[in-house]
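Worksheet for the structure shown next.
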Amino acid sequence: ESARKHMSQAAYAYIAGGAGNEKTMYSNREAFDKFRIIPRMLCDVGERNIGIKLFGQQLPSPFLLSPVGVLEMVHKDADLAVARAAAELSVPYIFSNQASYSMESCAAEMHNSPRWFQLSWSKSSDLVASFVSRAEKCGCSAIAVTLDTTMLAWRPRDLNLGYLPFMEGKGIAQYTSDPV
């Protein structure tokens, strides 16, 4: 609720909302809530390691920062701020296809820190190839493919406000920075 106080009504609706009646969103939260941290009593914790090996890459923890589009609605530095935080914490950042800043700009903020790219599949094969090439060139070690966005979802919160950030030119930096 505190985030709601600091965002516009449209920004909160876009970020907090989901498709349809949001049942999938609630089901995902419910599934995640089933996981618990299990305490291990009387164990030597003098040396601990929470690192994991994922896709042949050693990571310091099992956390990744997932892609969130149109971050400029909540922070002026948007994706750049997340890239800096990810680099500082050595947490891999998955660059959003619907970013407010290009993947190259974010990669420059991260130096050698791990990063991936979220590819929202497009009807244009040339655009997909260009995004993948750019992701490789800026050091992305994996691609998270999103297949369900070839058409915008029915998002009642956004529809009720008559709001779509892309119509204001927000969240389209990957497209406007792409040669295709």
Original post:
With all protein chains present and a 1.4 Å probe, how do E109, E30 order by accessible area, largest first?
Top reply: E30, E109
**OP:** Using a 1.4 Å probe over the heavy atoms of the protein chains, calculate the carbon and sulfur portion of the accessible area of the chain as a whole percent.
**Re:** 57 percent
Original post:
By its C-alpha gyration tensor, with a ≥ b ≥ c as the square roots of the eigenvalues, how is the chain shaped: rounded for a/c under 1.5, else prolate for a/b larger than b/c, else oblate?
Top reply: oblate
Original post:
Nearest 20 debye, what's the magnitude of the dipole of segment 51-129 about its Cα centre given +1 on Lys and Arg Cβ and -1 on Asp and Glu Cβ?
Top reply: 240 debye
Original post:
In straight Cα distance, which lysines are under 24 Å from K5, not counting same-chain residues fewer than 8 positions off?
Top reply: K76, K170
Original post:
Near K137, which aspartates and glutamates are there with a Cα under 14 Å away, not counting those fewer than 8 places off in the same chain?
Top reply: E104, D178
**OP:** Please report, in debye to the nearest 20, how large the charge dipole of the chain is about its Cα centre when each Lys and Arg carries +1 at its beta carbon and each Asp and Glu carries -1 there.
**Re:** 400 debye
Original post:
Using only helices, what value at 222 nm comes out for the chain when you add -39,500 (n - 2.57) per DSSP H run of length 4 or more and divide by the total residues, to the nearest 500 deg cm²/dmol?
Top reply: -10000 deg cm²/dmol
Subject >> Accessible area per residue in Å² at 1.4 Å probe, computed on segment 103-163 >> reply: 59 Å²
**OP:** With both partners inside the chain, how many of the DSSP beta bridges are antiparallel, as a percent to the nearest 5?
**Re:** 25 percent
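The values are calculated or read from the model by the stated rules, or taken from the named source; none is laboratory data. Predicted model, so just to flag it, every value in this text is computed and none were measured. When we count neighbours, we look across all protein chains shown, and the Cβ atoms used for this are built from the backbone with ideal geometry, even at glycine. When the accessible area is computed, the model is the full protein with side chains, heavy atoms only, and any ligands, DNA or RNA have been set aside. Shrake-Rupley method; radii C 1.70, N 1.55, O 1.52, S 1.80 Å.
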